[in-house]
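The structure appears below as structure tokens.
The values are calculated or read from the model by the stated rules, or taken from the named source; none is laboratory data. Note that the coordinates shown come from a computational prediction; the quantities given were computed from them, not determined experimentally. Glycine gets a Cβ as well: all are built from the backbone with ideal geometry, and neighbour counts include every protein chain shown.
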Amino acid sequence: MSDRTEPVERKGAGAPNLNPNTVFNLSKATVMVVDDEPFSLRLTAQTLLGFGVVTRHQCGSADDASALLKSHPVDLLIVDAEMPGKDGYDLVNWLRRSGVDNAWTPVLMIAGHTPASKVAKARDCGANFIVARPLTATLLLDRILWVAKDLRGMLETSTYAGPDRRFRELGPPEGVAERRGDPLSRGKLNLSAEGGTAT
Amino acid sequence: MSVNWVMRRSRLSKLVNQPGGVTVSKALAEAAVQTEEFRAEAMTVVAAALDELDAVVAAPPATEDLPAWLERVYFLATRISDTAGPFGYEDLCAAAFSLCELADRQRRGRALDLPPIRVHAGALRLLLAGDQPPAARKAVLAGLAQVVERTRNPVD
């Protein structure tokens, strides 16, 4: 495998086109928000309350988040990419290889400007989707509903752990371009309901 | 290369289709109600970040302090962009994002080019005031884009 689809949207791309009549239920979902900026943390959590999410864990650092992820079930992780010290990419990279029950929890990474030095880190971190700021409520809901429908398999190799980066059935959110490299033939895979191995 | 696969439907994908719930329009309306009280605080945070940016830009660093200085400029630009974004201040966000790009380039090039940073700080102040017509705001952003383009490194 070489160059695969990157689940990264370009700034300003992929304007949400949500159907206002779509019904969803997040009342029983447990969502964790991780952001070192207290204002953004509270704002995102409050937005989730508007979406009907009752159980919301708020963490101000990757260390706080990883401690909680070891012991509490989480259905969706929303992480700020840029944090001092251990950043959002480090957290997700750790999570995917941690072996904890939450290891394959869907992750939305929220990124503003991505420094050139972190582009590869962002690509390889294992998030389901990297959402470009500015983070409006419409964009957040659109990406949450997209990631809820994301049925891509999770894969683990020596260099990457996370969702299959080629969008197969669902495709990226509307307006977000995907980039295909060398498709991996499904015919060569030995897939089962809970897992499988390909070489 | 060995690849281990996990084909498992997430709990989120099951929960989201449970009976009950709300429509998208109702959820967005409720989110707007829930977050409206944050708007004034957001603009206070943005104004404070811009005040600090002005102070930082007014005191250019010694050579040995350049990385930390550019890091601070970058941080303040991201704070402005991240805080103003959810409330629809797209012009302000775009200008702050442009400053992020500029500071990141100078950080990588390890060289200070102060005038374009000053231009960005001034533009942010102008856009925050919000008393410019749309065409003028668009022209400000176009000017910033030109400034950033002119400072592009050969490696970019």
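Values for this structure:
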| quantity | calculated |
| --- | --- |
| Region A:13-40: number of residues that are touching a residue at least 24 places away in the same chain (Cβ under 8 Å) and surrounded by 15 or more Cβ atoms within 10 Å (Cβ to Cβ) | 18 |
| Residue list for region B:20-32, restricted to those being more than 24 Å from the chain's Cα centre (by Cα) and facing chain A (nearest Cβ under 7 Å) | B:G20, B:G21, B:V22, B:T23, B:V24, B:S25, B:A27, B:E30 |
| Members of region B:99-137 found to be free of Cβ contacts under 8 Å to residues at least 24 places away in the same chain, within 25 Å of B:T44 (Cα to Cα) and in a helix (DSSP H, G or I), listed by number | B:G122, B:L126, B:A129, B:P134, B:A136 |
| Matching helices (runs of 4 or more DSSP H) fully within region B:1-93 where at least 1 residues are within 26 Å of A:V31 (Cβ to Cβ) and touching a residue at least 12 places away in the same chain (Cβ under 8 Å) | B:24-36, B:39-57, B:66-84 |
| Among (1) surrounded by fewer than 13 Cβ atoms within 10 Å (Cβ to Cβ); (2) more than 11 Å from chain A (Cβ to nearest Cβ), the one test that B:P61 misses | (1) |
| Filtered residues of region A:65-96 (kept if assigned to a helix (DSSP H, G or I), within 19 Å of A:E37 (Cα to Cα) and either touching a strand residue (DSSP E or B) at 6+ places or on another chain (Cβ under 8 Å) or touching a residue at least 40 places away in the same chain (Cβ under 8 Å) (or both)) | A:A65, A:L68, A:G88, A:Y89, A:L91, A:V92 |
| Criterion violated by B:A29 - all others in (1) in contact with a Ser or Thr (Cβ under 9 Å, 6 or more places away or on another chain); (2) at pLDDT 95 or above satisfied | (1) |
| Single residue of B:R39, B:R108 found to be over 14 Å from the mean Cα position of the chain (by Cα) and more than 7 Å from every other protein chain (Cβ to nearest Cβ) | B:R39 |
| Within region A:1-36, tally of residues that are modelled with pLDDT under 55 and more than 9 Å from every other protein chain (Cβ to nearest Cβ) | 11 |
| Hits in region A:33-64 - residues which are among the small types (G, A, S) and in a helix (DSSP H, G or I) | A:S40, A:A45, A:G50, A:A62 |
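Let's see how each residue does on (1) in contact with an Asp or Glu (Cβ under 9 Å, 6 or more places away or on another chain); (2) at negative phi; (3) within 12 Å of chain A (Cβ to nearest Cβ):
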| site | (1), (2), (3) |
| --- | --- |
| B:W5 | yes, yes, yes |
| B:N17 | no, yes, yes |
| B:V56 | no, yes, no |
| B:L70 | yes, yes, yes |
